[in-house]
Every structure is written in structure tokens, then in C-alpha cells.
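Engineer: I'd like to ask some things about the structure below.
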Amino acid sequence: MILALKKTPLYDAHKSLGARLVEFAGWEMPVQYSGVIEEHRAVRTSCGLFDVSHMGEIEVSGPGAFDFVQTIMTNDIERIEDGQCQYTLLCYPDGGVVDDTIVYRYNKDRYLFCVNASNSGKVFDWMKKQADADTVVEDVSGNYAQIALQGPKSVEVLRGLLDTDPEDISHFHFHIGLVGDAEALVSRTGYTGEDGFEIYLEPGDAAMVWQALMDAGKKSGILPIGLGARDTLRLEMGYPLYGHELSEKITPLEAGLGKYVRLDDRNFIGEEALKKQAVEGVKKTLVGFQMKDAGIPRADYEIRSGGKKAGWVSSGTSSPSIGKGVGMGFVEPSLKEIGTEIDIMIRDRAARAAVVKLPFYKK
Amino acid sequence: MEFPKDLKYTKEHEWVKVEGNIATVGITDYAQDSLGDVVYVELPQEGGTVTKHEPFGVVESVKAVSDLYSPLSGSVTEVNDAIIDSPEAINEDPYGDAWMIKVEVGNDSELGDLLTAEEYQKFIEEEK
């Protein structure tokens, strides 16, 4: 059986912009328009527009919602107010990761989780299983298209279209209002390391808002950005991508995400296993590294130390900002110190690299 | 997209220019366009040998790794080291500055298996 790929409401816009489309998590998505490097630079120096409508959205509501949310997430929803959002992991009892997500707090009884496209079905089923009669869990992915506006010019571009000054939306806060004539949830969040916004709106409004943003950004040199540059931008920041730095077999502590795991006075799924791991120490840990020899590290390449297997590369690329091969990977904790030399096995050749501090890209 | 008539082509998207017993090899305009921004190239050593249909090197875009397949068998007489330092030349001038290797042809009969510009163009139309 061949399942047809899903198309976002911006599919026609991508086609007319000359995008190269690829399959991603069951969706037909733009991987690039004008070129990965040019798009990457536009986001670092000006701004870019991303169609991220493939992301899943799950709404949790009801009188039991607060307790439910606290039970499933490693971060602590009590630390944010209504109108704020928070990055968190969702874990299995053994500490492996179900997904990483941003949770939006409308109020104590209502939340929206933005989950990875590849995981949305799995996360929804898993949440349903944990929910009691006082909590409603709904897959509302079909109700939303999502557009990300990212880059230092984002505020300027959004200013004329939003019904409030975008500068008034603080980092990890959100505003519900109008973009042009379209109702939208607009958060000061992103996956690029730049200032920017993520805009959730009705699928039927997506094409109009996309075009309005492209027009508003014209004098700033806005470009549409594909998944190729989305990946290099997040990689330069050392941000994890599920399936690479996170999985059912990797805990948040191993992935270096301990600050999103609140173990004090909490009671969430996976807490016991993570507490134990926090005390005993991890057996593998995520590091960033930069190539010293020629070559580009890629996911699943072997990492060696002293000629012996010592880990694997989880993500790698040629960094458009620093012009070098960079990657992240899991190694034995003895190799995690900055400056430690490791070998990356590139086509049976050992290429030297050194462990460096994340992020790779600093302003 | 250009496919010069004086070149021969392969289904693996390499081009070949034959002059006497020396064949110059590179990748086609279609190949560079499909790859996107090329950021890394690995080529064989001068004096080494290449074998028809076997990988002789690698090109990497930001996103992916692709093998280069030799259109012919023979010994490598010259390598274009300039593209190792400036791999973007492969996107900019695939048939000119970004030639990759020159091969002394070991077996003339292999030349007959190469595609003409028309045949290659027809092949990529069908592949799309």
C-alpha cells in the first residue's frame, strides 16, 4: 500500500516559490528553496519564513489538566504563568524520551503541546493512556497550520501585521490575537537561536498570512526557509532533534538537558529512573565536536578514542556560519571535557576532531 | 540546464570529455543542481587507478553524501585540487572550472557505453 503524503496548506506557495519537496515524517515538505547556505545566512542576518505546519498539536484540558500535565512532564509547569510556554521532555518510566515539546499554558485547566510530526500519533496515544476522567486529551493537529518567522529582523517584519507590538511578547510568552485578519497564537519561540516567532493559525488562513509576511519582509530580504537550513540552524545551536539526540533509548540527562528536568518535590513519569541516574551518573553523554581534519561528520558515524569505539555521531554537517565540519554525538563520560581529541570514522578513515563547547555558533 | 553536445555522459550523472587518450571527468549540471550547495569533495590520488562503475570519490552537500562513479577505467593523470579548497565551484561551473580528474583511458571500448547529450537528457527526463 502506498500512503499519499500529507500536504500542508502552504503546498502551493512552496511550489510557486520553486521549492524542492521531500518526504518528511509522512509530509511532503520543502527541503530548500534558493539553497541551504543562502537560506541559513538569511536567518542569521535578516529573517526567514518556515512552514512548520507538519508539527503536531495536542490540547489537554479539564479540571484534572494541571495534575495530568505535571505527571507527564520533566519540567515544572508551576514555574510559568498563564500566557507563557515552556520547553519540556516527556519520558517513559525508564527515563527514555517519548518526545520533546513546547507546552503552552492558556490557564490552569488548559494547555497546548506542540510535538514533533514524527511522534504526534505516539505522543497522543501515550497521553490518552495516562489521562483520567477529569482530563480531556485531544489531537488538534488538523486545526492548526504553523509558520515560524525567525531572524534578527523578525520584530520589524511582524510589527505592521500583528495587533500588538511584537516587542511586547517576551521570550517564551505568547499572545492570542490577529495577524492581518487571521486569528492566531503567536509565541516568541523558535528553533534557530535567533529572535523570532512561531505563529499558530487556522489552516485556511495560512496562505494569506504567509504571503503577508513575505511581502512585509521584502525590504529586509526575507527568504522562505526549508528543512535543510532548519537543521543546520538548530545544529549550530546544539539544539536536540528527536531521533538523533533524543530517543526512547536516550534520557534527557544523557542528552545534556538536565535543566529541563526538575527533580525536586516532583512526581512525574520517569522521575525515579532519572533521580537514580542523576545520583549514579550517566554511562553516555552528549558532546559537541568540531573537525580538525578535513571531512564532514554525519549521523551514525562511529566515534573512536585510542583506536577503540567510544560512541556515535548523532547529527553532523558542514556549519554554514563557521565553515567547518561540526557535530554532536554520544561518548563515554571520560571524553566529555572541552578539548578532548576524538576520532570520527569517515568512510573507514579516522578523522581528528575535538570536543568543543555548545553552541557552535555565538553572536 | 545545460548539456554540452561535445561531452559524453553516464547514468550516474558524470560527464566525460575525451581528447586523444585522455578523458576529463566531472559531474553534470543536473547533478550539481540536485545536490544543492556542495561543501566537500574527496578525489583520488594522482597516479592511482579508477575502474568503470566503481566509486572514485565523494561529494557532500550540506545535507548528504554522494559517491562519484567512474565512467571509465584507467590511471589518474591529473586531479583538480582547486575544487577541494573551493567545492562551491562544482555548483558554479560544473563543466569548466570544476572538472574533477583526468584519466588515461585503458580500454577504448568503454567509450562506446557513454551516453550522448541527447540520450542523457532523455534519461534524466524519465528519471524525474
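The values are calculated or read from the model by the stated rules, or taken from the named source; none is laboratory data. The structure presented is a predicted model; accordingly, all values stated were derived computationally and were not measured. As a convention, Cβ positions derive from the backbone with ideal geometry for all residues, glycine included, and neighbour counts pool all protein chains shown. Ligands, DNA and RNA are stripped out before the accessible areas are found, and what is left, the full protein with its side chains, is counted by its heavy atoms. Shrake-Rupley method; radii C 1.70, N 1.55, O 1.52, S 1.80 Å.
Engineer: Among the residues of region A:281-288, is any over 30 Å from A:ILE72 (Cα atoms) and open to solvent by less than 10 Å² (accessible area, probe 1.4 Å)?
Structural biologist: No, there is no match, as no residue in region A:281-288 is over 30 Å from A:ILE72 (Cα atoms) and open to solvent by less than 10 Å² (accessible area, probe 1.4 Å).
Engineer: Hey, can you tell me all the residues within region B:30-47 that are more than 14 Å from the chain's Cα centre (by Cα), part of a loop (DSSP other than H, G, I, E, B) and over 26 Å from B:LYS122 (Cβ atoms)?
Structural biologist: B:ASP37, B:GLN45, B:GLU46, B:GLY47
Engineer: Please verify whether region B:55-70 includes one or more residues that are more than 14 Å from every other protein chain (Cβ to nearest Cβ) and not hydroxyl-bearing (Ser, Thr, Tyr).
Structural biologist: For region B:55-70, residues more than 14 Å from every other protein chain (Cβ to nearest Cβ) and not hydroxyl-bearing (Ser, Thr, Tyr): absent.
One line per residue, one yes/no per condition, for (1) touching a residue at least 40 places away in the same chain (Cβ under 8 Å); (2) in a strand (DSSP E or B); (3) more than 14 Å from chain B (Cβ to nearest Cβ); (4) open to solvent by 20 Å² or more (accessible area, probe 1.4 Å):
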{"position": "A:PRO30", "(1), (2), (3), (4)": "yes, yes, no, no"}
{"position": "A:SER34", "(1), (2), (3), (4)": "yes, no, no, yes"}
{"position": "A:PHE50", "(1), (2), (3), (4)": "yes, yes, yes, no"}
{"position": "A:VAL60", "(1), (2), (3), (4)": "yes, yes, yes, no"}
{"position": "A:GLN70", "(1), (2), (3), (4)": "yes, no, yes, yes"}
{"position": "A:GLU81", "(1), (2), (3), (4)": "no, no, yes, yes"}
{"position": "A:CYS85", "(1), (2), (3), (4)": "yes, yes, yes, no"}
{"position": "A:PRO93", "(1), (2), (3), (4)": "yes, no, yes, yes"}
{"position": "A:ARG105", "(1), (2), (3), (4)": "no, yes, yes, yes"}
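Engineer: For region B:32-53, which residues satisfy the criterion of being more than 14 Å from every other protein chain (Cβ to nearest Cβ), of a type outside the set (Ser, Thr, Tyr) and either surrounded by fewer than 22 Cβ atoms within 10 Å (Cβ to Cβ) or free of Cβ contacts under 8 Å to residues at least 40 places away in the same chain (or both)?
Structural biologist: B:GLU46, B:GLY47, B:GLY48, B:LYS52, B:HIS53
Engineer: Hey, can you tell me all the residues within region B:24-77 that are among the aromatic types (Phe, Trp, Tyr) and under 22 Å from A:GLY295 (Cα atoms)?
Structural biologist: Hits for region B:24-77 are B:TYR40, B:PHE56, B:TYR69.
Engineer: From (1) loosely packed, with under 15 Cβ neighbours inside 10 Å; (2) more than 14 Å from every other protein chain (Cβ to nearest Cβ); (3) without any contact (Cβ under 8 Å) to a residue 40 or more places away in the chain, pick out the condition that doesn't hold for B:ASN80.
Structural biologist: The one condition B:ASN80 does not meet is (1).
Engineer: Hey, another quick one. Would you confirm whether any residue within region A:328-337 is among the acidic types (Asp, Glu), within 14 Å of another protein chain (Cβ to nearest Cβ) and not in a strand (DSSP E or B)?
Structural biologist: no
Engineer: Now for a separate question. From the list A:GLY226, A:GLY306, A:GLY238, A:GLY295, which one is out of contact with any helix residue (DSSP H, G or I) (no Cβ under 6 Å at 6 or more places or on another chain), away from every other protein chain (no Cβ under 14 Å) and under 30 Å from A:PHE24 (Cβ atoms)?
Structural biologist: After ruling out the rest, the residue left standing is A:GLY238.
Engineer: Still on this structure, please answer the following. All but one of (1) within 15 Å of the chain's Cα centre (by Cα); (2) closer than 30 Å to A:ASP300 by Cα; (3) away from chain B (no Cβ under 14 Å) hold for A:GLY196; state the number of the condition that does not hold.
Structural biologist: Single failed check for A:GLY196: (2).
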